[in-house]
Every structure is written in C-alpha cells, then in structure tokens.
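What follows draws every value from the coordinates through simple rules; no lab data is involved. All figures in this text were calculated on a predicted structure; none of them were measured in a lab. Neighbour counts run over all protein chains shown; Cβ positions are idealised from the backbone, glycine included.
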Amino acid sequence: MCRFLAYLGPPLDLHALLFAPEHSLVRQSYAPRHQRHGRVNADGFGVGWYDHSVRPEPARYRSDRPIWSDRSLASMAGLVRSGAVVAAVRDATPPSLVEESGSPPFACGRWLFAHNGAVTGFADGVGEALRRRLSPRCLAEIEGSADSEVVFALVLDALDQGATPETALTRVVAEVAAAAPCRLNLVLTDGTALAATAWGDTLFTLDGAGMAGDGVVVASEPSDDDPAWRPVPEASVVTVDADGVRVAPLRPTATRVVP
C-alpha cells in the first residue's frame, strides 16, 4: 500500500528524483518491484519540498489522480529544486475514499509526513479509538478519513510534547500497534533532519551515491539497480541529519504486524 521517497542533501530537481531513474517513483506507481501488499498505486500522489531561504514551511502539490497522468507535475519537475523532498504514490486501503485529502505527503507547519501501510480495523472502531487519544488541536486539523492522517496527528502530538522525530515515530508505532495489527512504514521531516520506520514493509537507504549524489534517499524501494542501495532491517528506525545516517532497532512495546 503506497510507495514513498524522501531526500535530504544538496538541491536536486524533482525530475532527477521522481522521473529520471529506471525504476522511479512514477514507475513504482504502476509497476512496483518490492511492494508486499497491493499492486497499483493509482489512488493519488503528492510531493512536498522546502526552500528555507523563503520560509520554514514546505510547499506541497497533491492530487487524487495517478501520478503518471499528471502532466503539470511532469512539466514543472525539472524546474523545482530542493534539498529536502518527500514524495509518495497511494494505494488506498478499502474502504478509504480516493480524494486529495488522503494523498500523501501530509503537512502541518514545518513537518511533512508519509505512511506506507495500513491499520487493520481502522473503519470498524480502531480509528475512532485512536482519534479519542488526540489533542483537540490535532483532531480539528484532520481533513479526511485516511488512517495515515490520524497516525500523523498522533505523531504531531508527540512532537508537541517534546519528542524528537525518531522518538515520536517510535512512540506512535508502539501506540498504534498496541491498538490493532498494522503496517507502519513512516517518514517524517522538517527539511533539516529525517526519521523513518520499517514496520511491516520494505525500506531502503541510498547514502552519498548514485541518484542521491552527495545526499541521502530513504525510500520504500530502490529507484534503480545501483548496488549502493541498502535494505533497512524490519523493526528499525532510520535517522538522517547532519551527523549522517543511523539505523537502530525499533523497540515499541507492542509487536503485532499485519501478516
């Protein structure tokens, strides 16, 4: 369910990140090679990027259409350059609606977030139980019905309580996994640092090589066959910041994952 790609490093254009590679995110929308659940990611897409010389908050372009059908994104991709990008293509989890509000990445203030996975029983009571745990502010900002947006709201509450991005993701994986079986490959960035989890689906890093150049890519699957791509072990958290790339065990209190 879904594929995402996040980049931090010297500015690159969106065409180089999303279109140019042989197995680019655009190609993954209709022919993913590592996706364990679902087959086609045609239920929307989005891309967010930062220009900190202008403002701390990212720009974002989203649609409920397949990414391969959007000529506007293809036209502008070669002209948009950024040192921090999050992009994703969506395979909606039934019975979620296919609408723009459900298209990742999700944004709030300086944060961008994407989720590859699903929360079992979300439409049958689990979602309502998770919503009851949210602060009034984060609950009020939810636009649609997707489980991903509620997971993001839980992450935002953790951040508001002083958690680091890595700790916020770890805490939310534990909280949601305790409520229901789930797959929670999450990625979160403020444009200066990045954290991601491998919890139920594939995750890879590319550090200072190939299409990443001098930067780092964290993605659901490799965009090409460069041997520098490294798989992230299941139940791990990845942190990317000025000190480099770190992968550590993710040790939430619950361990239930959707088969």
Rounded FRET efficiency, nearest 0.05, which uses the C-beta distance separating Leu139 from Ser53 and R0 of 35 Å: 0.55
Over all directions, average the projected area of the Cα convex hull of region 76-202 and note it in nm². 8.0 nm²
Take the alpha-carbon centre of region 1-66, take the same for region 86-150, and report the distance between them in whole Å. 18 Å
Work out, step by step, the length gained on full extension between Val247 and Ser75: first 0.36 nm times the residue separation, then minus their alpha carbon distance; give nm to one decimal. 58.3 nm
In Hz, Karplus ³J(HN,Hα) per residue of region 37-43 (6.51, -1.76, 1.60; θ = phi - 60°; x = Gly, Pro): 9, x, 10, 10, 9, 10, 9
So, by mean Cβ neighbours within 10 angstrom, what's the order for 198-204, 165-171 with the highest one leading? 198-204, 165-171
Highest mean first, how do 181-192, 50-61 rank when packing is the count of other Cβ atoms within 10 Å averaged over residues? 181-192, 50-61
Suppose we take every Cα in the chain and form the convex hull; what volume per residue is that in Å³? 113 Å³
If neighbour count is taken as other Cβ atoms inside 10 Å, put Arg62, Arg81, Arg3, Arg71 in order from fewest to most. Arg71, Arg81, Arg62, Arg3
Just want to confirm a number: the relative contact order over the chain, from Cα pairs under 8 angstrom separated by 6+ residues, in percent. 21 percent
